[in-house]
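To start, the structure under review is shown below, and the notes come after it.
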Amino acid sequence: MKTVATEKEQSMYTDDAKINTEDSWAVVTDCTEHTVLLGKCIGALVQPGDCLALCGPLGAGKTNFVTGLAEGMGVEGRVASPSFVVMRCHPGPIYLYHADAYRLGSPAELEEAGLDEWLEHGVVAIEWAELVEDVLPSDALRIDLGYEGDGRRIIFTAHTGRHQEMLEVLKRCDCWE
Ligand SMILES: Nc1ncnc2c1ncn2[C@@H]1O[C@H](COP(=O)(O)OP(=O)(O)OP(=O)(O)O)[C@@H](O)[C@H]1O
Ligand SMILES: [Mg+2]
């Protein structure tokens with residue numbers, strides 16, 4: 001995994017606003033394990049009430065990322081794609097609510113399923129968050145995953161000071177180098 005830092009890499013994202021600023025950060029993970037590891041690093045930093053909005057196409061690595069997130073949070077149970085249920089709850093020191101918006105009929109269904117209650121009790125990670133943007137909290141940490149050669153490009157966008165600080169910790173962390 002590497003931070004998107006070289007001139008060549010930076011130039012690939014010049015059309016993409018706000019990369020590598022205080023509220024955005026892009027990394028390229030070059031294998032599945034590093035996508036999981038990145039999730040694990042975030043898992044050690046999240047707090048109840050955090051909403052993680054995971055966006056990106058089929059197979060981009062959203063569930064891999066949540067697998068690491070769960071590991072970093074120390075929650076119970078194996079993470080699986082929640083595609084056939086709206087949400088899977090993983091109890092732990094902080095509860096993890098792992099939701100998937102792919103098969104929802106409308107964004108309102110996420111609210112009806114209990115989004116607000118999940119946020120009161122723990123951390124919410126939502127796959128296919130781009131489909132339910134309208135009902136997500138405006139301070140959600142946005143995580144865009146996309147294909148980048150044989151690996152994945154992962155872009156974090158923070159909307160709160162605390163999430164900016166989380167990104168600062170991640171940027172300084174050398175666990176993927
Ligand atoms: N950095 C990486 N480099 C190469 N392959 C990766 C990387 N990260 C994840 N993968 C692979 O990409 C796939 C991601 O699967 P995953 O189920 O996590 O995707 P997803 O975004 O949750 O898909 P869906 O939209 O179907 O829920 C897996 O096959 C995994 O091994
Ligand atoms: Mg998935």
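The values are calculated or read from the model by the stated rules, or taken from the named source; none is laboratory data. Keep in mind it's a predicted model, so treat the numbers as computed, not measured. Glycine gets a Cβ as well: all are built from the backbone with ideal geometry, and neighbour counts include every protein chain shown.
General observations
- Any hit, the range 45-55, residues being buried (at least 18 other Cβ atoms within 10 Å of the Cβ), among the small types (Gly, Ala, Ser) and at pLDDT 90 or above: yes
- Output for the range 138-156, where each listed residue is closer than 16 Å to Met166 by Cβ and away from ligand 2 (no atom under 16 Å from the Cβ): Asp139, Ala140, Leu141, Arg142, Ile155, Phe156
- Scanning the range 41-75 for residues that are of a type in the set (Val, Ile, Thr) and within 11 Å of Ile126 (Cα to Cα) yields Thr63, Val66.
- Within the range 49-107, tally of residues that are near ligand 1 (Cβ under 8 Å from one of its atoms) and assigned to a loop (DSSP other than H, G, I, E, B): 9
- The range 32-41, residues that are away from ligand 2 (no atom under 14 Å from the Cβ), in contact (Cβ under 8 Å) with a residue 60 or more places away in the chain and either more than 16 Å from Thr157 (Cβ to Cβ) or touching a Leu at 6+ places or on another chain (Cβ under 6 Å) (or both): His34, Leu37, Cys41
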